[in-house]
Structures are given as C-alpha cells and as structure tokens.
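Here the structure comes first, spelled out in structure tokens, and everything after it is commentary.
Nothing in this text is a laboratory measurement; each read-out follows from the coordinates by a stated rule. Small disclaimer: the values here were computed from a predicted structure and weren't measured. Glycine gets a Cβ as well: all are built from the backbone with ideal geometry, and neighbour counts include every protein chain shown.
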Amino acid sequence: MDHASFSSACLEMAGAYEDHPFGPETTVFKVAGRPGSPAKMFALLWDGSDPAHANLKCEPDLADQLRSIHPEITPGYHMSKKHWNTVLCTGSVDDAMARDLIEDSYDLVVETLPRADRERLGWKGLARG
C-alpha cells in the first residue's frame with residue numbers, strides 16, 4: 001500500500017480527517033473533534049517514507065501476535081509499545097491486511113469516544129469474539 005492508498009483508506013472512515021500537528025512530513029489521521037470532545041488520533045503516516053510506514057493502534061495481545069508473525073510490524077515508533085504498532089506497507093502486509101489494521105485502529109479509538117460522538121459517526125461497535 002502506498003501513501004495515497006493509505007491516506008484514502010484512513011479518510012474513508014466516518015468522521016476522519018487529516019492534520020499535521022508535528023509538521024508537514026507527518027500526516028496524523030483523527031476522528032471526532034468538536035467543542036467538548038477533542039479529536040483522537042487513530043493513524044500516523046510518515047510522508048515520503050519508502051516504503052510507506054505508519055503507526056496504528058492495536059489491542060495488546062493482537063499487537064504481540066502480529067509482531068511475531070510479520071517482520072514488517074514492530075512496536076510503535078514514538079508511541080506506547082503496548083498499544084501501537086509501526087507497520088511497513090510491504091511484503092507480508094498486503095493492502096487488504098493494511099486496511100484491516102486501519103479499521104481496527106479506528107474502531108479502538110472510536111470505542112473510547114462519548115456515546116453521542118459514536119452515534120453521530122454511525123458507529124455500531126466492535127465485533128468481539
């Protein structure tokens with residue numbers, strides 16, 4: 001998955017938008033954000049990296065499992081190593097898997113939003129189990 005495809009996949013999520021709080025070389029994808037409810041980051045993409053690489057939120061047990069299977073998935077760079085992975089979009093991380101990881105990250109973040117924000121986004125909840 002290249003930078004444009006990654007960005008498109010992130011922006012397809014309901015209420016998602018991009019921001020550049022760390023400068024022009026890093027795109028942060030956020031959701032929500034309105035008075036009384038701050039935006040929350042669900043992905044971070046290093047622009048111009050080759051291959052494309054990004055940080056995505058992940059459930060801790062799954063994060064460890066993914067890291068043990070895929071050499072392209074490592075503990076989150078400059079993030080909580082327990083809850084975030086850095087994903088290189090090459091090799092064993094194909095486009096479908098990258099999209100799934102983006103959706104999982106989005107869901108984990110939206111799950112923590114106030115109910116009114118979740119309802120405004122039309123979010124149905126995490127499928128567990």
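Couple of notes before you dig in:
- Residues of segment 82-115 that are farther than 18 Å from Ala9 by Cα, touching a residue at least 24 places away in the same chain (Cβ under 8 Å) and surrounded by fewer than 19 Cβ atoms within 10 Å (Cβ to Cβ): His83, Thr112, Pro114.
- Count - residues of segment 75-123 that are among the hydrophobic types (A, V, I, L, M, F, W, C), under 22 Å from Gln65 (Cβ atoms) and in contact with a Phe, Trp or Tyr (Cβ under 6 Å, 6 or more places away or on another chain): 1
- Restricting segment 3-53 to residues that are crowded, with 20+ Cβ neighbours inside 10 Å and among the aromatic types (Phe, Trp, Tyr), the residue that is farthest from Tyr77 (Cα to Cα): Phe6
- Considering (1) under 15 Å from the mean Cα position of the chain (by Cα); (2) surrounded by 15 or more Cβ atoms within 10 Å (Cβ to Cβ), the lone condition that His70 does not fulfil carries the number (1).
- Selection status of Asp64, more than 23 Å from Pro21 (Cα to Cα), surrounded by fewer than 17 Cβ atoms within 10 Å (Cβ to Cβ) and out of contact with any strand residue (DSSP E or B) (no Cβ under 9 Å at 6 or more places or on another chain): yes
- For segment 57-75, the criterion of being under 20 Å from Met1 (Cβ atoms), out of contact with any helix residue (DSSP H, G or I) (no Cβ under 9 Å at 6 or more places or on another chain) and hydroxyl-bearing (Ser, Thr, Tyr) is met by no residue.
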